[in-house]
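**Q** My questions all concern the structure below.
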Amino acid sequence: MKFSFGRKSKITTVLEIDSDWIKIVQAQSFGKVRKISNIIVEKITPFVDDETPDRLSALLKELKINQNFLTVSIPHQLAVIKNLELPSVNPVEVKDMVELQIGKQTPFTKEEIIYDYAIADTNAEGYSRIILVIVHQDVVKSCLKILSRAGLKTEKIVLDSEGLFAWHNLACKEKIVNKPYALIDVDYDKSDFTVILKGNMIFCRNISIGFSQFLDEPGEFREKFMEEINHSIYAYHSEVINEEISKIIITGAEMLTASLDKNVLKAVVGLPVEIVPQTEHILLTQECLSKYTNIVKNVSVSSLFGLALNPAQAKIDLIPQQLQIERGVREKGRDLYFFGMYLAFILATALSIFLGRMYTKEQYLKELKREAFKIQEKVNRINRMTEETDGIKIRTNTKNLVLNFIFEKHKVIPPDIHLTSIRFNGKDRLIIRGVSTVMSEIFRFLNVLEESKYFRDVKTKFVTTRKVKGKDVAEFEVICPLDAGLKEQLALLDNGQFGESEENR
């Protein structure tokens, strides 16, 4: 898993090195479209000294390659490719069987080689057809050494035949069919014969002639070329039973493919033949397209096109085991790093949301307190107004209380009783004195006072008789305790709760 945080387009680079050629193809993303943006093809002399590696190192440095998107393609002729049929469809069992077969398929020891395989097909009988790819460690180490000089590393070393398969998927745009067909890629000094079935590569074979032989003797080349095609078909049929090739698709060096006659080829091999240019349905930038014809007129870059535009198509991994372990460690470390970053981001986000909500709640609480304080001030003011109103009501009811007492007495005083004094002690009782010529009227007056709403437990303090102008007159004094409700009203007035003292009353 790769992560890119820049806004620049991702550039994928594919590098192929053999004893005669250096090939570099780069593809770049333009929005949702990927195009071939650069093609470099140089003929080199065999590696007799350090001159060529130095030239390649300088070239790689000039290109400013992103090693995270660098793929090294191993030419078909530098690898041993075996097509095996194993009696199992269980991937674990197939892996064990492959490891047992390694010693039988190459003269080298297991420590001297790098190998990988891909399951091409399985059948109902419980057999798996696999393609086993074996390369000597020196081939891979040579590529890694050149990259190291340029300060680069790669995590993907693949077989060029898989690149040809990827190119075919892009250029021919054929649907997956149940009949096998052959791809032939003609390069400068070699050709690649690959058979495709049900969207998988099931057979590979190297053809040892290419465009260079065509330049020397065109007529002899055609004869040998068609002979090699028939040999390849025969080799395929000897290894794959009941799977007849349905057609042949040829691509490669532009000068050669342009000179081939598909009808002549069809007559010789007895199969339909299609000749497809390397750039068929392959998008190139305008700059790259302008120099394409001169670059690839005598070499093939079809497999590099496929790997640059669709690197995920390659299933064979020829990275040395030590580098695979290092890659696994780096990937785990990178995954842990990004997991830590994501976790920190999530925690920071959650914390910021929590703190934001806390801050919002605190601000809201402060605002509520301010509003509550304003409301409390209004409530206090209303309470004071209510108390003042109640005081006014009480004062209204009690201000002329004594006058009310007097008025009440005069309403009930019998005609035969004359009052001589009325005194109020200011707190809880009214004292009445008077005279009467009829004693019974005094007791009737007491009963009337007892029934009054202002008094409770009215009592006579004394009743005496004496002569006045020859007549008997009864003097009396009555104590009239106030009702409990009137006492409370008078107590409020005495406490000064309404802004007036007793003296003012």
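**Q** Of all residues in the stretch 261-306 being hydroxyl-bearing (Ser, Thr, Tyr) and part of a loop (DSSP other than H, G, I, E, B), which is nearest to Gly163 (Cα to Cα)? Show your work before the answer.
**A** Step one: of the stretch 261-306, the residues hydroxyl-bearing (Ser, Thr, Tyr) are 279, 285, 290, 292-293, 300, 302-303.
Imposing the further condition that a residue be part of a loop (DSSP other than H, G, I, E, B) reduces the set to 279, 285, 300.
Values: Thr279: 14, Thr285: 20, Ser300: 12 Å.
Out of the qualifying residues, it is Ser300.
**Q** Just one of Lys173, Lys266 is modelled with pLDDT under 90, under 47 Å from the mean Cα position of the chain (by Cα) and surrounded by fewer than 16 Cβ atoms within 10 Å (Cβ to Cβ); which is it? Before the answer, list the steps.
**A** On the way: Lys266 fails: under 47 Å from the mean Cα position of the chain (by Cα).
It is Lys173.
**Q** So how many residues does the stretch 107-139 have that are outside any strand (DSSP E or B) and without any contact (Cβ under 8 Å) to a residue 60 or more places away in the chain? Full working, then the answer.
**A** As a first pass, look at the stretch 107-139 and keep what is outside any strand (DSSP E or B): 107-112, 123-127, 137-139.
Next, from what is left, pick out any that are without any contact (Cβ under 8 Å) to a residue 60 or more places away in the chain: 107-112, 123-127, 138.
Looking only at that region, the number is 12.
**Q** Still on this structure, I have one more. Quick one: count up the residues across the stretch 120-134 that are among the hydrophobic types (A, V, I, L, M, F, W, C) and surrounded by fewer than 18 Cβ atoms within 10 Å (Cβ to Cβ).
**A** Result for the stretch 120-134: 1.
**Q** In the stretch 10-54, which residue that is basic (Lys, Arg) and surrounded by 14 or more Cβ atoms within 10 Å (Cβ to Cβ) is modelled with the lowest pLDDT?
**A** So the residue we want is Lys10.
**Q** Something else about it: Kindly establish whether Val94 is buried (at least 17 other Cβ atoms within 10 Å of the Cβ), modelled with pLDDT of 85 or more, not in a strand (DSSP E or B) and not hydroxyl-bearing (Ser, Thr, Tyr).
**A** yes
**Q** Restricting to the stretch 313-350, name every residue that is at pLDDT 85 or above and aliphatic (A, V, I, L, M).
**A** Within the stretch 313-350, Ala314, Ile316, Leu318, Ile319, Met341, Leu343, Ala344, Ile346, Leu347, Ala348, Ala350 qualify.
**Q** Here's a check for you: in the stretch 430-463, which residue that is closer than 14 Å to Glu475 by Cβ and not hydrophobic (A, V, I, L, M, F, W, C) is surrounded by the most Cβ atoms within 10 Å (Cβ to Cβ)?
**A** Ser436
**Q** Which numbered condition in (1) surrounded by fewer than 16 Cβ atoms within 10 Å (Cβ to Cβ); (2) of a type in the set (Val, Ile, Thr); (3) touching a residue at least 12 places away in the same chain (Cβ under 8 Å) is the only one that Val329 fails?
**A** (3)
**Q** What is the one condition in (1) of a type in the set (Ser, Thr, Tyr); (2) farther than 17 Å from Ser73 by Cα; (3) under 43 Å from the mean Cα position of the chain (by Cα) that Ser303 does not satisfy?
**A** The failed condition is (2).
**Q** Would you call Ile146 buried (at least 16 other Cβ atoms within 10 Å of the Cβ), under 18 Å from Pro320 (Cα atoms) and free of Cβ contacts under 8 Å to residues at least 40 places away in the same chain?
**A** Here the answer is no, as Ile146 does not meet what is asked.
**Q** Conditions first: (1) out of contact with any Asp or Glu (no Cβ under 9 Å at 6 or more places or on another chain); (2) over 20 Å from Ile81 (Cβ atoms). Ser238 passes all but one, so which condition is the exception?
**A** (2)
**Q** Right, another one. Being more than 17 Å from Asp261 (Cβ to Cβ), in contact with a Phe, Trp or Tyr (Cβ under 8 Å, 6 or more places away or on another chain), of a type in the set (S, T, N, Q) and at pLDDT 90 or above narrows it down to one of Ser232, Ser212, so name that one. So that I can check it myself, show each step before the final result.
**A** On the way: Ser212 fails: at pLDDT 90 or above.
The conditions single out Ser232.
**Q** To continue, here is another question. Suppose we filter the stretch 379-401 for residues that are touching a helix residue (DSSP H, G or I) at 6+ places or on another chain (Cβ under 7 Å) and either part of a loop (DSSP other than H, G, I, E, B) or modelled with pLDDT of 80 or more (or both); how many remain?
**A** Number satisfying all stated conditions: 0.
**Q** Related question: Among the residues of the stretch 450-468, which ones are in contact with a Leu (Cβ under 9 Å, 6 or more places away or on another chain), of a type in the set (Ser, Thr, Tyr) and modelled with pLDDT under 80?
**A** Tyr454
**Q** Taking Asp116, is it closer than 25 Å to Pro87 by Cα and touching a Lys or Arg at 6+ places or on another chain (Cβ under 7 Å)?
**A** Criteria not met by Asp116.
**Q** For Ala314, which of the numbered conditions (1) over 30 Å from Leu164 (Cβ atoms); (2) of a type in the set (Gly, Ala, Ser); (3) in contact with a strand residue (DSSP E or B) (Cβ under 8 Å, 6 or more places away or on another chain) fails to hold?
**A** Every condition holds for Ala314 apart from (1).
**Q** Of the residues in the stretch 81-114, how many are of a type in the set (A, V, I, L, M, F, W, C) and touching a helix residue (DSSP H, G or I) at 6+ places or on another chain (Cβ under 7 Å)?
**A** Looking only at that region, the number is 5.
**Q** Quick test of your reading of the structure: Met201 fulfils all but one of (1) part of a helix (DSSP H, G or I); (2) crowded, with 22+ Cβ neighbours inside 10 Å. Name the failing condition by number.
**A** (1)
**Q** Right, next: Do we find that Asn83 is under 30 Å from Glu125 (Cα atoms) and touching a Phe, Trp or Tyr at 6+ places or on another chain (Cβ under 7 Å) in this structure? Before you say what the answer is, go through the steps one by one.
**A** Details: under 30 Å from Glu125 (Cα atoms): yes; touching a Phe, Trp or Tyr at 6+ places or on another chain (Cβ under 7 Å): yes.
Yes, satisfied.
**Q** Report, ordered by the first and then the second residue, all pairs with beta carbons closer than 7 Å, sequence separation of six or more or different chains, a first member in the stretch 63-92 that is of a type in the set (Phe, Trp, Tyr), and a second member that is assigned to a loop (DSSP other than H, G, I, E, B).
**A** Phe69/Lys10
The values are calculated or read from the model by the stated rules, or taken from the named source; none is laboratory data. Model, not experiment: these values are computed from the prediction. Don't worry about glycine lacking a Cβ; one is built from the backbone with ideal geometry, like all the others, and counts go over all protein chains shown.
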